[in-house]
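The block underneath contains the structure these notes are about, expressed in structure tokens.
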């Protein structure tokens, strides 16, 4: 669904966490003739890159200030994108609006990241805003179906992909993680709070320690959204850094859910994968 088709109103507010994706979304919106306004999160978003865009800084826990700034900038439609280290509730400095919603805030914190993000999203929507997803505002950033690299998965890798899909589907309701590594049918690692980069580093260490005996060039990183996930928030993301981690872990490639996975710097990602003879494939939902 394009931004025009979904009735997106300009400007669109981007609640920006860390990483490259908030800026990719802003560029995509601008290319469609829709003005992006960044609301970078203090301590998370790259301050140097923010300066290119119209922006207003916000802090976690200050919903009242954030809502006021959204209105001042004329942003009815909001998208959250980027990485964010989940703070503990005791670390969050609450403003008066957030204190009035404290019961809802506490309930949002009692769960995984998806539960937290969807809970905050509901609070914003109750105040008249509309939370939209990448599918609505920047569908060009989503992984297509099929192989985007010169290398393609072997029959063994295809079996590993299917095993990974089943494992992640089973784990989805528990809001644990969005990725798993499967080698020759064996699930050797599942993502937890550490994230995908650390998951791949752990697999590399297991290989160095002799705990993984399969030859290099076998096994797959599989990423997909959790089955209960609100797809407007926290979609799986891959990019050049993921490719580097997969290569260091001695795997054969990456499989993600087409249409529900973000591709950061896609051209650089494909070039990095081709240079290492790795595959990157989008599989149907």
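Brief remarks on what is shown
- A single entry from 141, 168 fulfils the requirement of being crowded, with 21+ Cβ neighbours inside 10 Å and more than 15 Å from the chain's Cα centre (by Cα): 168.
- Qualifying residue in the range 198-221 (condition: closer than 22 Å to residue 133 by Cα and in contact with a helix residue (DSSP H, G or I) (Cβ under 7 Å, 6 or more places away or on another chain)): no
Residues are listed down the side, and each one gets a yes or a no for (1) within 16 Å of residue 161 (Cβ to Cβ); (2) within 12 Å of the chain's Cα centre (by Cα):
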| residue | (1), (2) |
| --- | --- |
| 233 | no, yes |
| 238 | yes, yes |
| 241 | no, no |
| 247 | no, no |
| 260 | yes, yes |
| 263 | no, yes |
| 270 | no, no |
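- Selection within the range 135-152: residues that are in contact with a strand residue (DSSP E or B) (Cβ under 6 Å, 6 or more places away or on another chain) and in a helix (DSSP H, G or I). The member of this set that is farthest from residue 275 (Cα to Cα) is 137.
- Residues that are in contact with a strand residue (DSSP E or B) (Cβ under 6 Å, 6 or more places away or on another chain) and not in a helix (DSSP H, G or I) were ranked within the range 188-199; the one that is surrounded by the most Cβ atoms within 10 Å (Cβ to Cβ) is 191.
- Lone qualifier among 128, 121, 177 - being in the same structural domain as residue 24 (by TED's automatic domain parsing) and in a loop (DSSP other than H, G, I, E, B): 128
- Odd one out for residue 280 among (1) within 27 Å of residue 28 (Cα to Cα); (2) over 15 Å from the mean Cα position of the chain (by Cα); (3) outside any strand (DSSP E or B): (3)
Yes or no, residue by residue, for (1) out of contact with any strand residue (DSSP E or B) (no Cβ under 8 Å at 6 or more places or on another chain); (2) in a helix (DSSP H, G or I); (3) modelled with pLDDT under 95; (4) surrounded by fewer than 21 Cβ atoms within 10 Å (Cβ to Cβ):
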position	(1), (2), (3), (4)
215	yes, no, yes, yes
218	no, no, no, yes
222	no, no, no, no
230	yes, no, yes, yes
250	yes, no, no, yes
256	no, no, no, no
260	no, no, yes, yes
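- Residue identified as more than 30 Å from residue 125 (Cα to Cα) and either in contact (Cβ under 8 Å) with a residue 24 or more places away in the chain or assigned by TED's automatic domain parsing to the domain that holds residue 216 (or both) among 255, 263, 285: 255
The values are calculated or read from the model by the stated rules, or taken from the named source; none is laboratory data. Here the structure is a predicted model, which is why all the values come from computation and not from measurement. We place every Cβ from the backbone using ideal geometry, glycine too, and count neighbours over all the protein chains shown.
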